[in-house]
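The block underneath contains the structure these notes are about, expressed in structure tokens.
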Amino acid sequence: MISELQKFLESNFFYLHPGYTPLNTVVFGLVLGVAVLIILRMFRWLKKDPRELLVPLLPFIFLGSGARALVDNGIYPLTHLLVTPGIYILVGLTAITTLLISVKLEKLYGWDYRKLVFVTGAVLSIPNIISMQKINPVPFFSVLGVFLASAVLLYIIGIKWELLRDRMNLYVVYAHLFDASSTYVAVDLYGYAEQHVLPSAFTALTGTALVMFPLKIAVILMALYAIDRYVEDSGDSDLLKLVIFILGLAPGLRNFLSLSMAV
């Protein structure tokens, strides 16, 4: 007979029950906060600009999001290491290890650490690419069309907005617009359900996932404004923006790939 405590644990804690609950969301946030503090200290020690890793880390983002999408479509097995947060912890640790080794190799042999990080992530992503055999063009181009329309509109607005003249800031907002686009297409056009607690509540309240666009833009712009205004160290500022960029692109790419591979 299952005890009440066991039922509670199985329905709430991420290590026994993968998915999103209010308690899981709080736990994920706390773990992420601690991880960011550790990474901040690591970059101060490495003396590298996090802005330089925006492109080199893209294959690692694809690695995690692609694996998660392949689980969604039954191509990869459903295991704790391949769902949130396991897959992102695994990929995150792999990316950090790759970064540390690449920086060391740069010091020893003069190799560009950014290229080493990019190539390593690309090689690790090959199984994902091979496994993505069928892509449905309708949702694929639907997401891209919605994203491009919103990105162009934001770019026009941002021309005279000092906050968005910083390319890093613009890329961060673009990442979250991509996430909003994939969520809107999946939920409103294909009947998918939003998993995250707060977005799910706002979507249910308004009856449409279009609410993700103003919601994300408002929250991300406030975060970027706060970082630019109150974080004095440029390295710390760029790292925080890099983290926010990944938090937008990773789930957006997972939704996009999962939807595009669905028949």
Cα Rg, Dmax (largest Cα-Cα span) when computed across region 145-194, Å: 12.5, 38
FRET efficiency estimate (nearest 0.05) - Cβ-Cβ, residue 35 to residue 79, R0 22 angstrom: 0.50
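I'd like the FRET efficiency for residue 206 and residue 151, computed as 1/(1 + (r/R0)^6) with the beta carbon distance as r and R0 of 25 Å, rounded to 0.05.
After rounding to 0.05, the efficiency reads 0.65.
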Under-27-angstrom lysine pairs by C-alpha in the chain, whenever the two are 8 or more apart or on separate chains: 16
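What accessible area per residue, rounded to a whole number of Å², is obtained for the chain using a probe radius of 1.4 Å?
55 Å²
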Surface share of carbon and sulfur [accessible, 1.4 angstrom probe, percent] for region 184-263: 67 percent
Potential lengthening between residue 93 and residue 166 on full extension [0.36 nm per residue; Cα-Cα distance subtracted]: 23.4 nm
Ratio of the Cα radius of gyration of the chain to 2.2 N^0.38 Å, where N counts its residues: 1.04
Equivalent ellipsoid semi-axes, region 135-232, via Cα gyration tensor eigenvalues times 5, rooted, Å: 26, 17, 10
Amide proton proximity set for residue 192, modelled H, under 5 Å, gap of 5+: 187
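The values are calculated or read from the model by the stated rules, or taken from the named source; none is laboratory data. Quantities reported herein were computed from a predicted structural model and do not represent experimental measurements. Don't worry about glycine lacking a Cβ; one is built from the backbone with ideal geometry, like all the others, and counts go over all protein chains shown. For accessibility, only protein heavy atoms count, side chains too; no ligands or nucleic acids. Shrake-Rupley method; radii C 1.70, N 1.55, O 1.52, S 1.80 Å.
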